[in-house]
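Worksheet: the structure to be examined is printed underneath.
Quick note: the coordinates plus some simple rules give every number you see, no bench work behind them. A quick note: this is a predicted structure, and the numbers were derived from the prediction, not measured. As a convention, Cβ positions derive from the backbone with ideal geometry for all residues, glycine included, and neighbour counts pool all protein chains shown.
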Amino acid sequence: MKIKSVVFLLVMALMGFGSFAAENSATDSAVNETESLDAGPIIIGHVTDAHSWHLFDINRKDGTEHAVAIPLPIILINDGHLDIFMSSRFQHGHADYKGYRLVGGGSEKEVVVCVDAEGNVKTDADGKAISPVDLSITKTAAAIMIAVVLLIVIVFVAKKGYSKRKNQAPHGLQSLVEMLVLFVRDSIVRPMIGEKHSDKYLPYLLTLFFFIFLCNILGLIPFFPAGANITGNIAVTATLALITFFITNISGNKHYWIDIFNTPGVPAWLKIFPLMPVVELVGVFTKPIVLMVRLFANMTAGHIVILGFVVIIFILSNLFGMAIGGTVSVVSVLFSVFISLLECLVAYIQAFVFTMLSALYIGMAVSEPAHEH
């Protein structure tokens, strides 16, 4: 069983490498050998958000390139007027539509700006481009919807298994779901929060763990409908951290707030100063920041490292020829496979750590310690 799992992970890693190489082969073949490949926009473009779901590029008979992508809804509010259309209207940033233009991409963030009838970008008094209120369903938002639907399906399949197999041992997907649920309950929630309050917060922490874990796994699969870097988006991790922040502080009892503003065992002059209350209050806001940055940085770093190993093949091929690039590709592929396997482990670890820290913060807020007098 272990051998099959390793083989599966190796195949997935190689598929990821092949997908990236195929996606960029058209672009790289058009680059002159004397020119150096700009790796920055390629790497950053793969880990950032976009208004369409790019799949691959194809070469036309006339030598031009055509990007194959899944269009996503563009929802804009400009001067109180609502405009809804598909991102394909922008033709991947090469055309304007209804007075809007899609700019950026690669190393720059994609944004929609307003243009006039002559095609000039509208600017304000400070010379900055005027942008409408953008409520579009971007690649990350679409991927979150897919992950949520998939998670609901997994839960209902497991639920159906319990209905059909009453008083029997779990089977198939039901076994995996039950194992993870029991692990989160017995190894994270109850030790961190305690028996008294654990059942109250268990649904949220289970949802948190499964959502992060599933998003991390989907980010490692290189083809649609997976492949989006959901937890590598700072807005997503910030939202998850804020939910934990609000639950923690709303649930905090009087002992939690007393420990912040009147910490037991601390000299009186530190309370009057007040040094310790300030330190403790700052800690209340740094906890969600730690959650946000830890998940974002770890998941993004893994994707960037893998993309870096792949891009270096094309860079060396342009600089020193195909022979050197082909030789380096062997080492790059091996390192990419190793990092991909490591990413599978990181996907689980980061879901575990985020859930554990969230449970720890909530447990600190609802616990009732006996202070020494």
At 37 °C and a viscosity of 0.692 mPa s, what translational diffusion coefficient does Stokes-Einstein give for the chain, taking Rh as the Kirkwood radius over Cα pairs? Give it in µm²/s as a whole number. 136
Per-residue counts of other Cβ atoms within 10 Å, averaged by peptide: what ranking do you get for 297-307, 172-182, highest first? 297-307, 172-182
Among the DSSP H helices of the chain, those whose Cα atoms extend at least 20 Å along the helix axis and whose mean Kyte-Doolittle hydropathy is 1.0 or higher are 139-164, 234-251, 275-320, 322-366
Between Ile70 and residues 5 or more places away or on another chain, which pairs have amide H atoms under 5 Å apart, with H built 1.01 Å from N, and which residues are they? Trp53, His54, Leu55
Distance violations [Cα-Cα > 22 Å] among Lys200/Lys254; Lys196/Lys254; Lys254/Lys287; Lys166/Lys196; Lys139/Lys287; Lys61/Lys109: Lys166/Lys196; Lys139/Lys287; Lys61/Lys109
Ranked from highest to lowest mean number of other Cβ atoms within 10 Å per residue, what is the order of the peptides 76-83, 117-124, 324-331? 324-331, 76-83, 117-124
Cα gyration tensor shape for the range 31-136, rounded if a/c is under 1.5, else prolate or oblate: prolate
Say each of Ser187 and His66 gets a label point 7 Å from the Cα, pointing the same way as Cα to Cβ; how far apart are those two points in nm? 5.0
Rounded to the nearest 20 debye, dipole of the range 31-136 from Cβ charges on Lys, Arg, Asp, Glu: 320
